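Comments concern the structure below.
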Amino acid sequence: MAFADTPDQRPKTEAHKQKRILSGMRPTGKLHLGNYYGALYNWVRLQEAYRCHYFVADWHAITTEYEAPQAISGYIPEMIIDWLSVGLDPEKSTLFVQSAIPEHCELYLIFGMFTPVPWLERNPTYKDQMEQLSHKDLATYGFLGYPVLQAADILMYKADGVPVGVDQVPHVEMTREIARRFNHLYKPIFPEPEALLTEIPKLTGTDGRKMSKSYDNCIYLSDPPEVMAQKVRQMTTDRPYRRDPGEPERCLAFPFHRLNLPQERIAEISAECRAANLGCVDCKKLLAEALLENFAPIQERRRYFEAHPDEVRDILHQGNKRAREQARITMAEVRDAVGFGLDIQSWR
Ligand code: SF4
């Protein structure tokens, strides 16, 4: 599959293979192509070379969905099926659910004790999100402390790298600051993780607005082929007449072409569009064919995992177990560093 816009982050040496990567996703709905190209495609590549931990961030989801958290757990199995379908391999990556590892809460609490409130208040995404989600009451302790929980997630597994888009770099920087503060106050046990900058392609929904389930404009990984094709056909283009020359750089379908067609074909389409030799109907038909071909193996794996829920459950169970073992080791170190964990048998 063409994905020329993302730099190749695969490491070149054996030493890199010992490095740990951590990333998570909030289970707030079905996964769409924006999630795939913006994160999952990169996750699959990273697992070839790093020790990857990918988690379902269900506690993070509660920070904004606290009024109706019941739906969150319903999205988790679908999310895991999507992850497995796109090629995340439980033999290479540890896949787990955040709430199955209660140690995250304990580390979050300890970090919360020494994280200065101004660090959180100056977080640039905090005010941004408050504005974007102004229909929700997010003036909560949990929402302000979101980056502290994120730091606990990352440092629990002593991650060396966190794949993020440029807007999330401040969160990784805050994790580094929290790690430094812990190491300075107690004992140097945490590495300072680096942001692995991921170029996220700018994809819009089928109507030109941000791809979002609330706008009903997403192409989902779970859409059957005929639904995917129909959604591509219905994409809005601003070229009402076939005789009018088009401008691919302004066309919302064109970023999808870039991700799904070979370079030489993209150049041809671009030239034909500008010369008005190619109509949007035919152009989107080409895109739909390429998309369906590229996603056929993913959809086949999806059908397999849908038909084998016990296998999915087992994969998750094993992933949770592995993650918890690591979390217990880290928390034993943390308690020792902070001076907790006294054996009550030794009291006098
Ligand atoms: S021909 Fe293709 S690239 Fe050009 S405006 Fe139509 S859909 Fe977009």
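Structural remarks
- Criterion applied to L316, L287 was being under 22 Å from Y36 (Cβ atoms), within 16 Å of the ligand (Cβ to nearest atom), buried (at least 19 other Cβ atoms within 10 Å of the Cβ) and at pLDDT 95 or above, and the one residue passing it is L287.
- Every condition in (1) part of a helix (DSSP H, G or I); (2) over 21 Å from the mean Cα position of the chain (by Cα); (3) within 12 Å of the ligand (Cβ to nearest atom) is met by A296 except one, and the failing one is (3).
- A count restricted to the stretch 207-225 and to residues that are free of Cβ contacts under 8 Å to residues at least 40 places away in the same chain and either open to solvent by less than 40 Å² (accessible area, probe 1.4 Å) or over 26 Å from the mean Cα position of the chain (by Cα) (or both) stands at 3.
- If you go through the stretch 244-282 and keep only what is touching a residue at least 40 places away in the same chain (Cβ under 8 Å), buried (at least 18 other Cβ atoms within 10 Å of the Cβ), near the ligand (Cβ under 9 Å from one of its atoms) and not in a loop (DSSP other than H, G, I, E, B), you end up with just C280.
- Residue that is open to solvent by less than 90 Å² (accessible area, probe 1.4 Å), farther than 30 Å from S85 by Cβ, away from the ligand (no atom under 12 Å from the Cβ) and in a helix (DSSP H, G or I), where the choices are A332, A323: A332
- From the list T204, T198, the lone residue that is touching a strand residue (DSSP E or B) at 6+ places or on another chain (Cβ under 6 Å), closer than 25 Å to D82 by Cα, hydroxyl-bearing (S, T, Y) and away from the ligand (no atom under 12 Å from the Cβ) is T198.
- Annotation: of all residues in the stretch 143-190 being acidic (D, E) and assigned to a helix (DSSP H, G or I), the one that is surrounded by the fewest Cβ atoms within 10 Å (Cβ to Cβ) is D167.
- Restricting the stretch 68-86 to residues that are out of contact with any Phe, Trp or Tyr (no Cβ under 9 Å at 6 or more places or on another chain) and in contact (Cβ under 8 Å) with a residue 60 or more places away in the chain, the residue that is surrounded by the most Cβ atoms within 10 Å (Cβ to Cβ) is E78.
- Residue match in the stretch 38-46 (condition: at pLDDT below 95 and closer than 18 Å to I76 by Cα): yes
The values are calculated or read from the model by the stated rules, or taken from the named source; none is laboratory data. Everything numeric here is computed off the predicted structure, so don't read it as measured data. Backbone-built Cβ (ideal geometry, glycine too); neighbour counts: all protein chains shown. Calculation scope for accessible area: heavy atoms of the full protein, side chains included, ligands and nucleic acids excluded. Shrake-Rupley method; radii C 1.70, N 1.55, O 1.52, S 1.80 Å.
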